[in-house]
There are 2 protein chains.
Amino acid sequence: MYDIILAHNENEGRAFLRRLNGKNPLFACVIGVTETAKISGISAAGKYPELTDYTPPADVELLLLEKCRCISGVPVTPEGIPTPGLITMSALRLANIPVLVVSGGLKVNPHVPFLDLGGKPGRDIRKGKAVDNVEEVMWRARIAGENLSKTADYLVVGESIPGGTTTALGVLLAMGIDARGKVSSSMPENPHELKIKTVEEGLKASKVEFGGLADDPLKAISCIGDPMIPAFAGLVLGAADKVPVLMAGGTQIGAVLAIINALNPNILDNVAIGTTRWIIIDKTADLKGIITQIADIPILAADLNFSQSKFEGLKAYETGVVKEGVGAGGAAIAAMAKSKGSITKDALLKEIERNYDRLVGSK
Amino acid sequence: MYDIILAHNENEGRAFLRRLNGKNPLFACVIGVTETAKISGISAAGKYPELTDYTPPADVELLLLEKCRCISGVPVTPEGIPTPGLITMSALRLANIPVLVVSGGLKVNPHVPFLDLGGKPGRDIRKGKAVDNVEEVMWRARIAGENLSKTADYLVVGESIPGGTTTALGVLLAMGIDARGKVSSSMPENPHELKIKTVEEGLKASKVEFGGLADDPLKAISCIGDPMIPAFAGLVLGAADKVPVLMAGGTQIGAVLAIINALNPNILDNVAIGTTRWIIIDKTADLKGIITQIADIPILAADLNFSQSKFEGLKAYETGVVKEGVGAGGAAIAAMAKSKGSITKDALLKEIERNYDRLVGSK
């Protein structure tokens, strides 16, 4: 349907997409930071580990303003590949989709309006005390989700948090979902061993075994998660009672899904995952393998392909860098659905290239 | 039309109301604090001056949760009359209207989600340096307004800031609108002399004469305004380009209107004032007399009448206390319009009494 791949649960995915057709979504982008991102070799979301505090605010500035304010240029990987926020922004602008920024916990606030939920930045999960205030932040996010569901036809929720696949792995293992070797990476060489070692240290510090917190999702986040997760899960829990919610992202969404499934599985009929083709074809990770252990919801993937792009920094997406983030896949899907397919993957690439040229230059 | 008084510019007011009929609004409540509220005798929005820092966060907690969290009970005047937020909450709940809280600058954050615009609490206007960061906060509010206008059919914007009629008087005089003796009060004895003296001190400290900042609205707010004003004005400036905006409040809205009129009068075709009958019949103030000096937009007033209420604390509204606030009048109008009149003033009073009984008790 349109340029969207029905990557898992085809029939339910098609039915879900039909419900979005021509409708007006709101895109909520949940941002947060965790010190876990600064462990050497964990994240490529920021040129240097110290810069990862700036990546989430810079990403949402890009969405709202078509340029960043808290950094010059746009967030890039160490190799100079630009943030997937460039894809998200291009899709949202083409389809005129409104954006709400939601903070789960930040060190640097974005220079744009954002919804404050009282959250704090996350700590290094190796200490086993990663996130404060989880219940309160999730509760506030739920209130926000309930209110947003009264104004938008549906929600698309995306995220930006460097180091997020590692903290997601932590939550998944604590909850008994075997995601070892299955979470994705923004780097072409997925550092699975480093992620597993980091998580195992955190589990040990928390005195938690694999599956030990299957019935205590809030504690799993507190011990070994990140501040994006309770904010994202709360929004979905508040909204999906009333309207469809497209959870936009890669394997990190698995952790959010595990939380929601533990707290209120009834709403999952109203929920699907929206991601990119690069996540689906990623041989170093296994989104389906995570999801099917939790709840068998549909996976939709924007059929983006940058192999013919004239820009090296975009072509590089085909070599397995970045892949997803800032809700890029979900935003692309929402743009296609809102425009009833008149926004194609080709139109999207054209707009992405236009923005790339403007913001990154003709490298 | 319905239980709504066309209080000024009847034809335009009727046409404006028709555009709201059956539509889905979003209610944005802009909150802020100013030290000006702590000048003895200025405000009744809080039992003691020191409590005025808690009134705005408590008001918005009431809107979202049907109860307060940062204080016990609900905000009351020194005589124990409850906040008009009780009216707002009852109207929004009856009509299932979503709420977004927006902070212009606070000392105490609400224990609910709120949109942060980077604003700071306001200082005592007698020093002539009342508000920091005015341009930035207004710009961020404009970004928010633009995005909200893509998801809601129209906006209702209300406010809660103790001391706000005094700071409004300051901005109005600095901009050359003679509002002396015309601004309203939450107290039955309107302390006009005290307000004028306070403002004159601030004008002197700012080295500004009457009308001296007619062409510099941002400076008028910086010198002698409050942090609610740039946030409120920015939301309207961002949204009214696309959708109708009902500016909900009493004479304080005059200051907001003066700012908007100075920055972008073209959008005023899309703007009306929504207030209460108590403001219209207030003999100690003159909303129309302020508005007509600025821009002749329609004034709509919810025809609320508590004279037959079984609760003394509500009956007291008929003696000239409180009158308006937290967008009470605009919320009542929006509830009537959304329900195409099936929410009447009687239905509203019944719901307000139910909530009064629950939250204040049968005093």
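The table below lists the values:
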read-out: From the options A:GLU324, A:GLU353, residue that is over 23 Å from A:MET228 (Cα atoms) and of a type in the set (Asp, Glu); value: A:GLU353
read-out: Residue that is surrounded by the fewest Cβ atoms within 10 Å (Cβ to Cβ) [pool: residues in segment B:42-82 that are of a type in the set (Asp, Glu) and in a helix (DSSP H, G or I)]; value: B:GLU50
read-out: So A:ALA295, is it in contact with a helix residue (DSSP H, G or I) (Cβ under 7 Å, 6 or more places away or on another chain) and assigned to a loop (DSSP other than H, G, I, E, B); value: yes
read-out: Filtered residue count, segment B:79-104, keeping only those that are more than 10 Å from chain A (Cβ to nearest Cβ) and under 15 Å from the mean Cα position of the chain (by Cα); value: 8
read-out: Subset of segment B:215-259 that is out of contact with any helix residue (DSSP H, G or I) (no Cβ under 7 Å at 6 or more places or on another chain) and in a helix (DSSP H, G or I) - its residue that is farthest from B:PRO162 (Cα to Cα); value: B:LYS219
read-out: Some residue of segment B:351-361 being under 19 Å from the mean Cα position of the chain (by Cα), under 27 Å from B:GLY163 (Cα atoms), modelled with pLDDT under 95 and crowded, with 17+ Cβ neighbours inside 10 Å; value: no
read-out: Tally, over segment B:1-10, of residues that are modelled with pLDDT of 95 or more and surrounded by fewer than 17 Cβ atoms within 10 Å (Cβ to Cβ); value: 1
read-out: Residues located in segment B:342-363, provided they are part of a loop (DSSP other than H, G, I, E, B) and either touching a Leu at 6+ places or on another chain (Cβ under 7 Å) or under 28 Å from B:LEU6 (Cα atoms) (or both); value: B:SER342, B:ILE343, B:THR344
read-out: Test set (1) more than 30 Å from A:VAL360 (Cβ to Cβ); (2) more than 9 Å from chain B (Cβ to nearest Cβ) - A:ALA144 fails condition number; value: (2)
read-out: Some residue of segment A:321-341 being outside any strand (DSSP E or B), without any contact (Cβ under 8 Å) to a residue 60 or more places away in the chain and out of contact with any Ser or Thr (no Cβ under 8 Å at 6 or more places or on another chain); value: no
read-out: Cβ pairs under 6 Å, 6+ apart, first in segment A:231-251 and touching a residue at least 40 places away in the same chain (Cβ under 8 Å), second assigned to a loop (DSSP other than H, G, I, E, B) and charged (D, E, K, R); value: A:GLY250/A:GLU324
read-out: Any chance B:SER206 is among the polar types (S, T, N, Q) and either under 19 Å from the mean Cα position of the chain (by Cα) or more than 30 Å from A:ARG93 (Cα to Cα) (or both); value: yes
read-out: Qualifying residue in segment A:187-202 (condition: hydrophobic (A, V, I, L, M, F, W, C), at pLDDT 95 or above, crowded, with 24+ Cβ neighbours inside 10 Å and more than 19 Å from A:GLY104 (Cβ to Cβ)); value: yes
read-out: Neighbours by Cβ (under 8 Å, 6+ apart or cross-chain): first from segment B:115-135, within 13 Å of chain A (Cβ to nearest Cβ) and surrounded by 19 or more Cβ atoms within 10 Å (Cβ to Cβ); second among the hydrophobic types (A, V, I, L, M, F, W, C) and assigned to a strand (DSSP E or B); value: B:LEU115/A:PHE114; B:LEU115/A:LEU115; B:LEU115/B:LEU100; B:LEU115/B:VAL101; B:LEU115/B:VAL102; B:ASP116/A:PHE114; B:ASP116/A:LEU115; B:LEU117/B:VAL102
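Condition check ((1) modelled with pLDDT of 95 or more; (2) within 25 Å of A:SER186 (Cβ to Cβ); (3) of a type in the set (Asp, Glu)) across all residues:
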position	(1), (2), (3)
A:GLU12	yes, no, yes
A:ARG19	yes, no, no
A:LEU26	yes, no, no
A:GLY41	no, yes, no
A:ALA44	no, yes, no
A:GLU50	no, yes, yes
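The values are calculated or read from the model by the stated rules, or taken from the named source; none is laboratory data. Bear in mind the structure is a predicted one, so any value in this text is a computation, not a measurement. Every residue, glycine among them, receives a Cβ derived from its backbone with ideal geometry; neighbour counts consider all protein chains shown.
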